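Undergrad: Dropping the structure in here first, questions after.
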Amino acid sequence: MIEVVAKLGRGPVFLAGEVLECVITFTNPLSASSTSASSEMLAWASAQIHCQFHASENRVALPPSDGSKHDVQAENETVFVPNRGERGQCILSTPPKILFCDLRLDPGESKSYSYCETLPVDGPPSFRGQSVKYVYKLTIGCQRVNSPIKLLRVPFRVLVLHGLKDYQFPQDEAVAPSNPFLEEEEGLKKDSRLADLATELLMVATSRRSLHLYNISNTRGKVGTFCIFKTVYKIGEDVIGTFNFSEGDIPCLQFSVSLQTEESIQEEFQRRRGQPVSFTVHARHQESCLHTAQSSFSLPIPLSSTPGFTTNIVSLKWRLHFEFVTSGESAGTCLVRGSQSEAVTWTGVEQMEVDTFSWDLPIKVLPTNPILASYVSQFSCTNSITI
């Protein structure tokens with residue numbers, strides 16, 4: 001028996017273009033006092049990253065894939081197919097890397113191997129939607145002689161920030177930013193600078209503030225105004241907006257604001273022409289606002305959510321969805337006298353005519369620092385298997 005443990009040192013979330021590093025440890029768990037006959041042998045071990053795509057058959061029409069026949073691992077098959085047995089199609093993979101050949105482990109002995117690979121920048125982000133899924137995995141395959149291949153799959157999350165692949169790092173390392181107190185390898189140094197660059201680009205893109213003022217009106221007149229200071233955010237931020245109903249002609253009884261994603265399938269891949277778009281609500285604020293001059297809301301963008309993106313099959317967009325309930329009467333008729341005595345009590349009317357209307361405001365949501373997103377990731381940094 002051999003225990004195989006794979007550990008992602010920095011966390012299970014990465015930016016496309018970063019270097020994923022995983023330490024894989026093979027251990028013979030028998031005590032060192034066992035005889036040499038208890039030694040274990042492995043013929044080989046390899047590792048490879050792949051992105052698996054799965055689509056709902058009811059919503060997405062895809063051309064047939066040749067890879068659908070690789071579903072069952074033959075008993076003595078020696079070909080390493082990382083996505084064997086997985087649902088869907090493998091749309092992206094890195095070249096496989098051999099970790100070792102003919103490994104012998106004595107009782108109590110263990111050996112570790114480091115696997116490093118740059119994540120492709122031209123792939124989609126990790127996404128689990130209602131119509132499609134993009135799932136990234138690092139698969140480690142190992143085999144004993146005359147035994148079936150065993151696969152250890154390490155799922156992780158990939159965030160895509162457009163524009164990173166077009167950045168050219170300085171050729172002269174003497175003028176490149178560096179930390180003189182750390183000794184880093186060349187690949188790790190570039191990877192660290194890539195993460196720093198992404199953080200800087202995100203900060204610049206999401207820190208720009210300018211007043212966006214919108215008039216809220218229906219067919220009968222003005223209800224109020226809505227103010228928001230930016231429309232570009234990164235996951236983990238709060239979307240904050242304010243309302244001013246003091247200058248409205250039509251009384252607003254209630255409003256609600258929903259933070260939503262809009263998942264739409266490209267027309268050529270739709271199962272039915274004109275099929276509806278899928279919406280997912282991530283946060284919602286509702287408030288009764290009769291005789292309220294001003295109000296506000298704050299909606300958090302979950303760190304576990306997927307930033308907006310577009311592929312040849314699916315498009316994901318973010319928006320704020322507003323719903324307003326307005327009175328069909330003037331503001332003064334929304335209250336009635338409850339008594340004719342000197343102490344006047346005002347009470348709400350039992351019935352009144354109302355109008356409802358909605359409004360959608362598109363916003364842009366970008367990724368965030370992958371280390372921050374790792375704190376709420378559902379994936380574990382350590383995965384193991386026994387063979």
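Undergrad: How high is the relative contact order of segment 214-303, in percent, with contacts defined as C-alpha pairs under 8 Å that are six or more residues apart?
TA: 34
Undergrad: Here is a follow-up. How many nm separate the modelled label positions at Asp102 and Asp355, each set 7 Å beyond the Cα in the direction of the Cβ?
TA: Result for the modelled spin labels: 8.5 nm.
Undergrad: OK, next. For the pair Ser207 and Thr382, what calculated FRET efficiency results from E = 1/(1 + (r/R0)^6), where r is the Cβ-Cβ distance and R0 = 41 Å, to the nearest 0.05?
TA: 0.70
Undergrad: Of all accessible surface on segment 273-312 at a 1.4 Å probe, what whole percent is carbon and sulfur?
TA: Result for segment 273-312: 49 percent of the exposed heavy-atom area is carbon or sulfur.
Undergrad: If a/c stays under 1.5 just call it rounded; otherwise compare a/b with b/c (prolate if a/b is bigger, oblate if not). Do that for segment 112-151, with a ≥ b ≥ c from the square roots of the Cα gyration tensor eigenvalues.
TA: oblate
Undergrad: Treat each spin label as a single point 7 Å out from the Cα along the C-beta direction, and report the Asn146 to Glu57 distance in nm.
TA: Simple spin-label model gives 4.1 nm for this pair.
The values are calculated or read from the model by the stated rules, or taken from the named source; none is laboratory data. From a predicted model like this one, the values you see are computed outputs, not experimental measurements. Please note: Cβ atoms are built from the backbone with ideal geometry, for glycine as well, and neighbour counts cover all protein chains shown. Protein only, heavy atoms only, side chains kept; ligands, DNA and RNA dropped before computing areas. Shrake-Rupley method; radii C 1.70, N 1.55, O 1.52, S 1.80 Å.
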